[in-house]
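Okay, structure first, notes after.
The values are calculated or read from the model by the stated rules, or taken from the named source; none is laboratory data. Values in this document were obtained by computation on a predicted structure and should not be read as measured data. Note that each Cβ is placed from the backbone with ideal geometry, even for glycine, and that neighbours are counted across all protein chains shown. Each accessible area value is taken on the protein alone, full model and side chains, heavy atoms only, with ligands, DNA and RNA left out. Shrake-Rupley method; radii C 1.70, N 1.55, O 1.52, S 1.80 Å.
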Amino acid sequence: VRWMMYWIVFALFMATETFTDLLISWFPFYYEVKMAFVIWLLSPYTRGASLLYRRFVHPTLARKEK
């Protein structure tokens, strides 16, 4: 389940980043922040993907399911 949450959140991040990359890639330390975010998502200690999935993705999907 943990990996499913990670891949769903990561896919949403990559889809969003595809469109916003041209607008925000010129910010200083953009790629470093992006790398830190992906590590935060992946880390078993922070459980970032699980947190984002349960707080944002799952409620949105549950509302749309009906």
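At-a-glance table
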| quantity | calculated |
| --- | --- |
| Where a residue in segment 1-25 is more than 12 Å from residue 41 (Cα to Cα) and of a type in the set (S, T, N, Q) and its partner, wherever it lies, is open to solvent by less than 60 Å² (accessible area, probe 1.4 Å) and in a helix (DSSP H, G or I), with Cβ under 8 Å and at least six apart | none |
| Matching residues, segment 16-66, being assigned to a loop (DSSP other than H, G, I, E, B) and either polar (S, T, N, Q) or closer than 16 Å to residue 6 by Cβ (or both) | 25, 43, 44, 45, 46, 47 |
| Selection within segment 37-60 - closer than 16 Å to residue 13 by Cα, of a type outside the set (Val, Ile, Thr) and open to solvent by 60 Å² or more (accessible area, probe 1.4 Å) | 37, 40, 42, 47, 51, 54, 55, 56, 58 |
